[in-house]
Amino acid sequence: MKAKREFRDRERTEVAVLDALVDQAEEGMTVFELRAAAETEIDDLEDALATLKEDDLIAVESDGDRTLIKPDERVVPDIPDEEPEESIGDWLRDRLPF
């Protein structure tokens, strides 16, 4: 899953970090996991994390042994609670032999 569209007009590393965090929004990620997921140098990652933290787009939490980074909830796209209604085209495709 990708970060919401309004947060994609940022530096490449920042977008890569947000996308990785959105995929692991509930669990969070360590710096090492983020570095691997974003495929970036540690200095670039450090700069991206500092900027994202300054903009309040990430939260840093400690769960005892590890420090986890999580995306702010406004960055995570909404997941629809219900399945979308069936379109007329879908209905026809399911019922007519082609």
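The values are calculated or read from the model by the stated rules, or taken from the named source; none is laboratory data. Keep in mind that this is a model prediction, so the values were computed, not measured. We place every Cβ from the backbone using ideal geometry, glycine too, and count neighbours over all the protein chains shown.
Would you confirm, using the coordinates I've provided, whether Ala20 is part of a loop (DSSP other than H, G, I, E, B), among the small types (Gly, Ala, Ser) and touching a helix residue (DSSP H, G or I) at 6+ places or on another chain (Cβ under 6 Å)?
Details: part of a loop (DSSP other than H, G, I, E, B): no; among the small types (Gly, Ala, Ser): yes; touching a helix residue (DSSP H, G or I) at 6+ places or on another chain (Cβ under 6 Å): yes.
Criteria not met by Ala20.
When you look at Asp72, is it loosely packed, with under 11 Cβ neighbours inside 10 Å and either β-branched (Val, Ile, Thr) or out of contact with any His (no Cβ under 8 Å at 6 or more places or on another chain) (or both), yes or no?
Criteria not met by Asp72.
Restricting to the range 15-24, count the residues that are out of contact with any Leu (no Cβ under 8 Å at 6 or more places or on another chain) and surrounded by 17 or more Cβ atoms within 10 Å (Cβ to Cβ).
5
Going by what's in this entry, would Asp44 be described as acidic (Asp, Glu) and loosely packed, with under 12 Cβ neighbours inside 10 Å?
no
Name the one entry in Arg12, Arg8 that is over 17 Å from Pro77 (Cβ atoms) and either surrounded by 12 or more Cβ atoms within 10 Å (Cβ to Cβ) or at pLDDT below 95 (or both).
Sole residue among the options that is over 17 Å from Pro77 (Cβ atoms) and either surrounded by 12 or more Cβ atoms within 10 Å (Cβ to Cβ) or at pLDDT below 95 (or both): Arg12.
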